[in-house]
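To keep things clear, I will list the structure first and then write my remarks on it.
Just so you know, all these numbers are worked out from the coordinates, no wet-lab data involved. No experiment lies behind these values; they were computed from the predicted model shown. Cβ coordinates were reconstructed from backbone atoms using ideal geometry, including for glycine residues, and neighbour counts include every protein chain displayed.
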Amino acid sequence: MNKAYVNIKNISKSYGEIEVLTKISFSVGEGELFGLIGPDGGGKTTLIRILVTLLKPTEGTAKINGLDVVKDFKKLRTRIGYMPGRFSLYEDLTVEENLKFFATIFKTTIKENYYLIEDIYSQIEPFKNRRAGNLSGGMKQKLALSCALIHKPDILFLDEPTTGIDAVSRVELWDMLKKLKEQNLTILVSTPYMDEANLCDRVAFMQKGKIMEINPPATIIEEFDEPLYSVKGDDFYHLLLQLRQMKITKTAFPFGDSIHLTTFDNIDFRELNGMIESKTGMKTETQKIKANIEDCFMARMIDTK
Amino acid sequence: MERGNNYIVEVDNLTKKFGDFVAVDNISFKVKKGEIFGFLGANGAGKTTAMKMLTGLLSPSAGKALVAGWNVEKNPEKVKLNIGYMSQKFSLYDDMRVNENIRLYAGIYKISGKEIKTKINILLEELKMQDLRKKLVGDLPLGWKQKLAFAIAMVHDPPVVFLDEPTSGVDPITRRQFWEMIYKASSGGTTIFVTTHYLDEAEYCTRASIMVDGQIKALDTPENLKKSFEVDNMQEVFLKLARGK
């Protein structure tokens, strides 16, 4: 990690009795692409809203490039780019009017910083006279990202930019983030899609207002130390139910076209397949596999229950 | 009512135009009873418009569709009574209790008061939510809400249920528990018609279709789709098709 650019210390946030963030502490390095990974209700949006100065923490402090998110909020707002989870541009303004509006608010012009958004904006520029409300989901996103970047921020916050977006647009968005990172922009992005963790330099697993782990994705995968197998069979659902009944089974979950099985003890996969076949009476195919990020997240969830 | 075969959804050259724009372009397919049918496509490909026609909410511009034996254009109200539907946006009442929500929807589908009581008990037991009966739905975690919404979509035992992105934003364990509810319903004979952006979930479907620009560009079992596109997973099938414009 380069020198810390974002410094978060013991941030908590409560609404009355309900605590939505509990003592969050971590740093993000300059130029780092940092991911907040976790399901809805985990506290990702609340944390981002605190960092972009829209919400005050109940406890703790957070600084971005030395500026405090509470005391220095005015100064900070000119330095950060923020793309909220919900499309928040003016639907009744055109594409170009929206961009102009944000440029003007930040006392700059489209021309001055065009080079920053060129890659992204050029894709929607043919529709610059169309109202934002009439754009497709993918195009709305490109516009929102252009508007978040037009004042040349030092750091970009994106709150679930890929939620509800199809697989093609998701890949495109991550390509754009990669390019922005190359220009040394610090990026903090949240997502409920576990596979996107692999595209970040480091990720924080968030669940129920707490951080379960912070590490580079490769480290998280290496740390996974349970025996893990993939099991395939014709009657998927019954195979799953039967696997759960076996004494050796710790967890069994569907993963695409196979079932991921963790066991209490390490068993040779051929021997394991024999055990499964004699238990289920089905023809099955078992292999020892390496964990992916989602396996790791689920293991953490079960451990912290 | 036109009935008497193995198909629960039969779509014939279905088309929807908005002015000059063709949102759904002449699609035809059939869904078998008890299938888990994945209805995939990029944003703006026409999935939602097609779903709205199949659930009797939108009248087609041309073509024909039979759902649960009823013609969606001529008998949309019959269609609505005979299907289950879980919308993308959470649509239970947050300020009502769990049991009140079940009672409301059961009542809408004209289930008798006595039967409703048994229904509530069975449903809560299956969901392992007996202790949450009196809880406000708004206070439940998202995963529980989604499971409850699914169960309520099936409260009147429809032969087919339409699920529109039911697992969006749900944690990975609950997402899988949700799919187990789908398997269970399907193994009990209910047909499931489901959309999703999680392409690992497309692998769980009996068959899946992929829509591009208003048309169905592929429809087969996940295994055959992967074979014919020469790729390892449904994500790559999807990227190949949806990008190849």
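Within the set A:Lys208/B:Lys30; B:Lys32/B:Lys134; A:Lys44/B:Lys217; B:Lys78/B:Lys114; B:Lys145/B:Lys240; B:Lys52/B:Lys119, which residue pairs have Cα atoms separated by over 32 Å?
Working: A:Lys208/B:Lys30 42 Å; B:Lys32/B:Lys134 38 Å; A:Lys44/B:Lys217 37 Å; B:Lys78/B:Lys114 24 Å; B:Lys145/B:Lys240 34 Å; B:Lys52/B:Lys119 28 Å.
Violating the 32 Å Cα-Cα cut-off are A:Lys208/B:Lys30; B:Lys32/B:Lys134; A:Lys44/B:Lys217; B:Lys145/B:Lys240.
So what's the angle, to the nearest 10 degrees on a 0 to 90 scale, between helix A:293-303 and the longest Cα principal axis of chain A?
70
Give me the Kirkwood hydrodynamic radius of chain B in Å, from all C-alpha pairs, to one decimal place?
In chain B this quantity evaluates to 18.6 Å.
Determine how many Å³ per residue the convex hull of the Cα atoms of region A:224-303 encloses.
85
Please average, across the residues of B:161-174, the number of beta carbons from any other chain that are within 10 Å of each residue's own beta carbon, and give a whole number.
That average works out to 4.
Given labels modelled 7 Å from the Cα in the Cβ direction, how far is it in nm from B:Asp220 to B:Ser91?
Between B:Asp220 and B:Ser91, the label points sit 3.4 nm apart.
If you take the beta carbon distance between A:Asn266 and A:Thr78 as r and set R0 to 45 Å, what does 1/(1 + (r/R0)^6) give as a FRET efficiency, to the nearest 0.05?
Numbers: r = 56 Å, r/R0 = 1.24.
So, using R0 = 45 Å, E works out to roughly 0.20.
Using helices alone, what [θ] at 222 nm do you get for chain B, with -39,500 (n - 2.57) per DSSP H run of 4 or more residues, divided over all residues and rounded to the nearest 500?
-10500 deg cm²/dmol
Using a 7 Å offset from the Cα along the Cα-to-Cβ direction at both A:Asn10 and B:Lys227, what is the distance between the two label points in nm, to one decimal?
So the two model labels end up 6.3 nm from each other.
Over region B:21-129, what lengths in whole Å, largest first, do the semi-axes of the equivalent ellipsoid take, defined as the square roots of 5 times the eigenvalues of the alpha-carbon gyration tensor?
That gives 31, 16, 14 Å for the three semi-axes.
Over its Cα atoms, what ratio of radius of gyration to 2.2 N^0.38 Å does chain A give?
Values: Rg = 22.6 Å, N = 305, 2.2 N^0.38 = 19.3 Å.
Cα-based Rg divided by the globular estimate yields 1.17.
Over region B:93-157, what relative contact order in percent results from Cα pairs under 8 Å that are six or more residues apart?
51
If you take every residue apart from A:Glu294 with its C-beta less than 9 Å away from the C-beta of A:Glu294, what net charge results, scoring Lys and Arg +1 and Asp and Glu -1?
-3
Tell me, what is the percent relative contact order of region B:1-43, built from C-alpha pairs under 8 Å that lie six or more residues apart?
37
GNM on chain B, C-alpha springs below 10 Å: top fluctuator among B:Lys80, B:Lys30, B:Lys89?
Looking only at B:Lys80, B:Lys30, B:Lys89, the largest GNM fluctuation is found for B:Lys89.
Before rounding to the nearest 500, sum -39500 (n - 2.57) across all DSSP H runs of length at least 4 in chain A and divide by the residue total; then give [θ] at 222 nm in deg cm²/dmol.
Per the formula, -10500 deg cm²/dmol.
Give me D for region A:127-186 in µm² s⁻¹, whole number, from Stokes-Einstein with Rh from the Kirkwood sum over alpha-carbon pairs, 25 °C and 0.890 mPa s.
On the way: Rh = 12.5 Å.
It comes out at roughly 197 µm²/s.
So how compact is the protein assembly as shown: Cα radius of gyration and Dmax in angstrom?
Cα only, the protein assembly as shown: 24.6, 72 Å (Rg, Dmax).
How much length is gained on full extension from A:Thr219 to A:Thr22, taking 0.36 nm per residue of separation minus their Cα-Cα distance?
Stretched fully, the A:Thr219-A:Thr22 segment lengthens by 68.5 nm.
Please tell me which of these pairs span more than 24 angstrom C-alpha to C-alpha: A:Lys232/B:Lys47; A:Lys71/A:Lys100; A:Lys9/A:Lys75? Write out the running numbers ahead of the final one.
Details: A:Lys232/B:Lys47 31 Å; A:Lys71/A:Lys100 29 Å; A:Lys9/A:Lys75 20 Å.
Check vs 24 Å cut-off fails for A:Lys232/B:Lys47; A:Lys71/A:Lys100.
Rounded to a whole number of µm²/s, how large is the Stokes-Einstein D of region B:93-157 at 10 °C and 1.306 mPa s, given Rh as the Kirkwood radius over C-alpha pairs?
The calculation lands on 138 µm²/s.
So how do A:60-73, B:179-192, B:32-45, A:7-20 stack up, highest first, on mean other-Cβ count within 10 Å?
B:32-45, B:179-192, A:60-73, A:7-20
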